[in-house]
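What follows is one structure encoded as structure tokens, with my remarks underneath.
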Amino acid sequence: MIDMLNQLLTEHFPDYSDSAWIILSVAVCVIAVVADLVARSTISQLMKQAEKTKILWDDVFLNSFSRPALFLIWLAAGYWLIQLFEQNFAIEVLGEDNPLPKLVPVILLAWSCLRFLKRLEQVLVMPDRMKKPMDPTTVGALGRLLRLIVSIIIVLIIMQSYGYSISGILAFGGIGGIAVGFAAKDLLANFFGGLMIYLDRPFKVGDWIRSPDQQIEGTVEDIGWRQTRIRTFDKRPLYVPNSTFTNISVENPSRMTNRRIYEYIGVRYDDSAQVLEVIKAVKAMLRMHPEIDQQQTLIVNLDRFGPSSLDFFIYTFTKTTDWIRFHEIKQDVMMQIMQIVEEKGAEFAFPTTTVHLSGELPELVKESEGN
């Protein structure tokens with residue numbers, strides 16, 4: 001490029017002065033500006049066309065490689081300006097043995113790959129772009145792992161280009177890994193605990209989880225490589241090391257299929273004749289209730305003789321799993337049970353105590369009252 005401009009300048013201006021390198025520098029800058037404008041216009045047109053298609057990869061590819069391509073134009077312009085500076089002032093800036101010019105395409109390619117992985121990670125979880133969006137937790141984990149691999153590879157390539165022995169580094173890494181493993185066993189335990197969460201997927205971001213073994217309950221906000229952030233129901237953040245989940249039981253209520261109504265109702269012993277009618281009416285009401293899942297277990301039976309009541313229980317499941325809606329349905333069921341008990345001429349039992357007096361005590365009470 002520079003030699004061509006020099007040749008053209010020599011042919012048309014044979015008496016040009018030593019300051020002609022300024023003209024060449026301006027020409028390089030003008031070419032870079034024109035190339036940048038043309039590239040931006042081309043990319044913009046391609047992006048508009050890509051948005052109209054149903055193909056997933058075209059706009060992801062353009063988004064990923066557009067900015068590195070524009071950056072490459074100005075890198076090339078900067079490289080040519082450095083060559084002009086070296087030729088005019090006889091000063092070596094880069095040098096013939098400098099590997100940086102050869103590494104620039106590799107670095108730009110790695111940058112493009114990192115942008116591609118990041119953009120793809122965003123697209124794969126979009127319901128408007130994917131027929132079956134992938135799990136955000138799994139996609140995020142795989143994206144982090146792939147970006148880490150690309151970063152390590154580019155660092156090793158750069159080190160090799162500058163004369164560092166990769167084999168020695170890898171050997172040192174193998175030996176040092178044992179020492180690091182002992183020194184950072186908790187860190188590694190958390191890392192592999194996070195890996196197991198990503199692979200087994202007992203929960204994902206947005207799930208409500210709790211542990212009967214520890215006081216852990218809330219909504220999962222983030223699953224990192226070292227710890228998981230849980231927002232408790234009082235809106236406090238709870239940070240749990242990932243290794244904890246390998247040693248405790250975790251319940252995921254977010255994946256329940258139904259919510260259960262399990263309640264005891266007690267009526268008076270004086271209403272024993274109406275108990276069977278009440279139970280039949282309650283069971284019929286539950287059978288007809290539109291929010292009760294008839295495919296699940298439904299039980300209404302007299303269960304026990306309480307201290308002051310005849311207790312029967314209801315055991316059934318709602319169709320919804322929403323917490324607020326569930327309580328609305330439960331309230332409606334309990335209100336209808338109250339109405340049924342009243343319609344059948346029975347009453348709810350209250351805790352009562354009956355005292356039986358025997359012997360001469362009643363006579364003494366009467367005498368005391370007479371006096």
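With closer than 30 Å to GLU217 by Cβ and out of contact with any His (no Cβ under 8 Å at 6 or more places or on another chain) as the only criterion, which of LYS344, LYS283, LYS319 stands out? First the steps, then the outcome.
Details: LYS344 fails: closer than 30 Å to GLU217 by Cβ; LYS283 fails: closer than 30 Å to GLU217 by Cβ.
That would be LYS319, the only listed residue that is closer than 30 Å to GLU217 by Cβ and out of contact with any His (no Cβ under 8 Å at 6 or more places or on another chain).
Just need a number here: residues in the range 279-294 that are closer than 17 Å to MET335 by Cα and either in a strand (DSSP E or B) or among the polar types (S, T, N, Q) (or both). Step through it out loud before you land on a result.
Step one: filter the range 279-294 for residues closer than 17 Å to MET335 by Cα, giving 279-292.
Still in the running and either in a strand (DSSP E or B) or among the polar types (S, T, N, Q) (or both): 292.
Number of matching residues: 1.
Can you say whether THR320 is out of contact with any strand residue (DSSP E or B) (no Cβ under 6 Å at 6 or more places or on another chain) and touching a residue at least 40 places away in the same chain (Cβ under 8 Å), as far as the supplied structure shows? Lay out the reasoning, then the answer.
On the way: out of contact with any strand residue (DSSP E or B) (no Cβ under 6 Å at 6 or more places or on another chain): yes; touching a residue at least 40 places away in the same chain (Cβ under 8 Å): yes.
For THR320, the condition - out of contact with any strand residue (DSSP E or B) (no Cβ under 6 Å at 6 or more places or on another chain) and touching a residue at least 40 places away in the same chain (Cβ under 8 Å) - is met.
Could you tell me which residue of the range 312-351 is modelled with the lowest pLDDT, considering only residues that are among the small types (Gly, Ala, Ser) and surrounded by 15 or more Cβ atoms within 10 Å (Cβ to Cβ)?
Within the range 312-351, the first condition is being among the small types (Gly, Ala, Ser), and the residues that meet it are 345-346, 349.
Filter again for surrounded by 15 or more Cβ atoms within 10 Å (Cβ to Cβ), leaving 346, 349.
Values: ALA346: 91, ALA349: 86.
Looking at the filtered set, the residue picked out is ALA349.
Would you pick out the residues in the range 226-235 that are touching a residue at least 12 places away in the same chain (Cβ under 8 Å) and surrounded by fewer than 20 Cβ atoms within 10 Å (Cβ to Cβ)?
We begin by selecting, within the range 226-235, every residue touching a residue at least 12 places away in the same chain (Cβ under 8 Å); these are 226-228, 230-233.
If the condition is that a residue be touching a residue at least 12 places away in the same chain (Cβ under 8 Å) and surrounded by fewer than 20 Cβ atoms within 10 Å (Cβ to Cβ), then ARG226, GLN227, ARG231, THR232, PHE233 are the ones that fit.
Every residue, every condition in (1) more than 14 Å from the chain's Cα centre (by Cα); (2) among the small types (Gly, Ala, Ser); (3) not in a helix (DSSP H, G or I), yes or no:
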{"residue": "GLY194", "(1), (2), (3)": "no, yes, no"}
{"residue": "GLU217", "(1), (2), (3)": "yes, no, yes"}
{"residue": "ARG229", "(1), (2), (3)": "no, no, yes"}
{"residue": "ASP234", "(1), (2), (3)": "yes, no, yes"}
{"residue": "ILE248", "(1), (2), (3)": "yes, no, yes"}
{"residue": "TYR262", "(1), (2), (3)": "yes, no, yes"}
{"residue": "GLU277", "(1), (2), (3)": "yes, no, no"}
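Name the residue, out of PRO362, PRO307, that is in a helix (DSSP H, G or I), at pLDDT below 90 and not β-branched (Val, Ile, Thr). It would help to see each step written out before you state the result.
On the way: PRO307 fails: in a helix (DSSP H, G or I).
Residue meeting the stated conditions: PRO362.
Taking the range 31-48 as the search range and keeping residues that are exposed (fewer than 12 other Cβ atoms within 10 Å of the Cβ) and of a type outside the set (Gly, Ala, Ser), which one is modelled with the lowest pLDDT?
Per the criteria, the residue is LYS48.
Please go through the range 305-326 and pick out each residue that is within 13 Å of GLU263 (Cα to Cα) and not hydrophobic (A, V, I, L, M, F, W, C).
Listed by number, the residues that qualify are ASP311, TYR315, THR316.
Look at ASP200 and say whether it is at pLDDT below 90 and under 18 Å from the mean Cα position of the chain (by Cα). Give the derivation first.
Numbers: at pLDDT below 90: yes; under 18 Å from the mean Cα position of the chain (by Cα): yes.
Considered against the rule, which asks whether it is at pLDDT below 90 and under 18 Å from the mean Cα position of the chain (by Cα), ASP200 comes out as yes.
Taking ARG268 as the residue in question, decide whether it is surrounded by fewer than 17 Cβ atoms within 10 Å (Cβ to Cβ), more than 17 Å from MET335 (Cβ to Cβ) and of a type outside the set (Phe, Trp, Tyr). Show your work before the answer.
Working: surrounded by fewer than 17 Cβ atoms within 10 Å (Cβ to Cβ): no; more than 17 Å from MET335 (Cβ to Cβ): yes; of a type outside the set (Phe, Trp, Tyr): yes.
Criteria not met by ARG268.
Just give me the residues in the range 203-225 being in contact (Cβ under 8 Å) with a residue 40 or more places away in the chain and surrounded by 15 or more Cβ atoms within 10 Å (Cβ to Cβ), in sequence order.
From the range 203-225, those in contact (Cβ under 8 Å) with a residue 40 or more places away in the chain are 203-211, 223, 225; that's our starting set.
Within the range 203-225, PHE203, LYS204, VAL205, ASP207, TRP208, ILE209, ARG210, SER211, ILE223, TRP225 meet the criteria.
The values are calculated or read from the model by the stated rules, or taken from the named source; none is laboratory data. If you're wondering where the values come from, they're calculated on a predicted model, not measured in any experiment. Backbone-built Cβ (ideal geometry, glycine too); neighbour counts: all protein chains shown.
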